[in-house]
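First the structure, in the form of structure tokens, and then the observations on it.
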Amino acid sequence: MKTVKYVYNSGLAFSEKKDMQRFSQYAKEGWFLESFAYLGFGYKLRKGTSKELIYNLDYRKDADEEYFHFFEAAGWALVCSFGNEIHIFSAPVGTKPIYTDQPTLEEKYELEKNKMGKYALPFFISCCVFFLLYAVGSGTWLPLWASNILLVLGTITIIPLIFTGLPYLAHWKKLNKVRKS
Amino acid sequence: MPRADTLEMGELTDSAYYILLSLLEAKHGYSIMRSIEEMTSGTLSIGPASMYTTIKKLGKANLIKEIKTKDTQNKKTYVATESGISLLKKEIQRRRDMVRHAEEIFKTSKWSDAK
């Protein structure tokens, strides 16, 4: 019988809550989250005996021993970490949440949003510059080869821009939701 | 736009208020959680992520400091600093004033309990 299976990661910036609920559902069916897989694009689950668990995620760069002590003391067990930055914890149903006040919860998403924004900005700017130059210069003062290069460069920068800009927008949306609640 | 930091405004969030209060005497992280639960008869418990964030913040603002102890389990111990205590006192007065304002207004309103 299969004891390990892999499931996709729908992008934690977009579906953090949904993914945590998914893990609870899997645990009920006897499949337990074990680690991130495929460079973070998936999760590895392992078969065990069915349990009622809740899952929570926190972003914390360079988390230290004390950080994990706090979780342990509050009944939250570390399940797995990604790049010592994203940490997923599990606890029995009824355990109090890991964030209990609004200011610190806001900070969770604010820091993540700012980080993604910092990554996305250079791609955003270069993408704009490439396409703007192309739009202005193509067919006029730019030689054909140069406008082709601009088009290719612009298209290439869209890819990292999507992977940083969309999470940025997702965190921004979540932050606003937390603030309004 | 980042929101104005309450600490910089000289105000304490509820979590920061209780953490500072429990650190009039030196404690390590877990004891802080426990002492807040005891202090509030279990009505307030601070989650580990909120606790860690707030402790780091209070430390950065020099309102609490880490003290070296011979703890074998390598747990960090904290205590409130003088500026922490003085901010806490200011905060207690602020909150006392807030309650007093409310009581005064209520007393003269039709919602008053006193008949």
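Which residue, of B:Gly42, B:Gly10, B:Gly59, is on the phi > 0 side of the Ramachandran plot, surrounded by fewer than 19 Cβ atoms within 10 Å (Cβ to Cβ), at pLDDT below 95 and within 12 Å of chain A (Cβ to nearest Cβ)?
Checking each option against the conditions leaves just B:Gly42.
Inside the stretch A:30-56, can you point out the residues that are part of a loop (DSSP other than H, G, I, E, B) and more than 22 Å from A:Gly75 (Cα to Cα)?
If the condition is that a residue be part of a loop (DSSP other than H, G, I, E, B) and more than 22 Å from A:Gly75 (Cα to Cα), then A:Phe41 is the only one that fits.
A quick yes/no check of all residues on (1) assigned to a helix (DSSP H, G or I); (2) among the polar types (S, T, N, Q); (3) without any contact (Cβ under 8 Å) to a residue 12 or more places away in the chain:
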residue: A:Ile88; (1), (2), (3): no, no, no
residue: A:Ala91; (1), (2), (3): no, no, no
residue: A:Glu107; (1), (2), (3): yes, no, yes
residue: A:Phe124; (1), (2), (3): yes, no, no
residue: A:Ser147; (1), (2), (3): yes, yes, no
residue: A:Ile156; (1), (2), (3): yes, no, yes
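Which count do you get for residues in the stretch A:1-16 that are exposed (fewer than 12 other Cβ atoms within 10 Å of the Cβ) and either in contact (Cβ under 8 Å) with a residue 40 or more places away in the chain or under 22 Å from A:Gly75 (Cα atoms) (or both)?
Summing the residues that are exposed (fewer than 12 other Cβ atoms within 10 Å of the Cβ) and either in contact (Cβ under 8 Å) with a residue 40 or more places away in the chain or under 22 Å from A:Gly75 (Cα atoms) (or both) in the stretch A:1-16 gives 4.
Go through A:Asp62, A:Asp58 for me and flag whichever is within 14 Å of another protein chain (Cβ to nearest Cβ) and at pLDDT below 95.
Checking each option against the conditions leaves just A:Asp62.
Sort through A:Ala120, A:Ala73, A:Ala91 and tell me the only one that's more than 11 Å from chain B (Cβ to nearest Cβ) and either among the small types (Gly, Ala, Ser) or surrounded by 17 or more Cβ atoms within 10 Å (Cβ to Cβ) (or both).
Step by step, each of A:Ala120, A:Ala73, A:Ala91 is checked, and only A:Ala120 is more than 11 Å from chain B (Cβ to nearest Cβ) and either among the small types (Gly, Ala, Ser) or surrounded by 17 or more Cβ atoms within 10 Å (Cβ to Cβ) (or both).
When the residues of the stretch B:13-30 are filtered to those that are at the interface with chain A (Cβ under 9 Å from one of its Cβ atoms) and either part of a loop (DSSP other than H, G, I, E, B) or more than 13 Å from the chain's Cα centre (by Cα) (or both), which remaining residue is modelled with the highest pLDDT?
B:Thr13
Please pick out the residue among A:Glu85, A:Glu106 that is among the acidic types (Asp, Glu) and within 13 Å of chain B (Cβ to nearest Cβ).
Going through A:Glu85, A:Glu106 in turn, just one is among the acidic types (Asp, Glu) and within 13 Å of chain B (Cβ to nearest Cβ): A:Glu106.
Listed residues A:Phe131, A:Phe68, A:Phe163; which is of a type outside the set (Lys, Arg), more than 23 Å from B:Thr13 (Cβ to Cβ), in a helix (DSSP H, G or I) and within 14 Å of chain B (Cβ to nearest Cβ)?
A:Phe68
Going through the stretch A:148-162 one residue at a time, which ones are loosely packed, with under 14 Cβ neighbours inside 10 Å and not β-branched (Val, Ile, Thr)?
Of everything in the stretch A:148-162, just one residue is loosely packed, with under 14 Cβ neighbours inside 10 Å and not β-branched (Val, Ile, Thr), namely A:Asn148.
Which ones in the stretch A:43-70 are surrounded by fewer than 16 Cβ atoms within 10 Å (Cβ to Cβ) and more than 22 Å from B:Met51 (Cβ to Cβ)?
Result: A:Arg46, A:Lys47, A:Gly48, A:Thr49, A:Ser50, A:Lys51, A:Glu52.
Look through A:Ser24, A:Ser10 and report the one residue that is in the same structural domain as A:Ile88 (by TED's automatic domain parsing), more than 16 Å from the chain's Cα centre (by Cα) and within 28 Å of A:Asn176 (Cβ to Cβ).
The match here is A:Ser24.
Any idea which of B:Met98, B:Met33 is part of a helix (DSSP H, G or I), within 20 Å of A:Ala73 (Cα to Cα) and of a type outside the set (Asp, Glu)?
After ruling out the rest, the residue left standing is B:Met33.
Looking at (1) part of a loop (DSSP other than H, G, I, E, B); (2) farther than 19 Å from A:Glu29 by Cα; (3) without any contact (Cβ under 8 Å) to a residue 24 or more places away in the chain, which is the only condition A:Ala63 fails?
For A:Ala63, the failing item is (3).
The values are calculated or read from the model by the stated rules, or taken from the named source; none is laboratory data. Since this is a predicted model, take the numbers as computed values, not measurements. Counting neighbours? That spans all protein chains shown, and the Cβs are built from the backbone with ideal geometry, glycine included.
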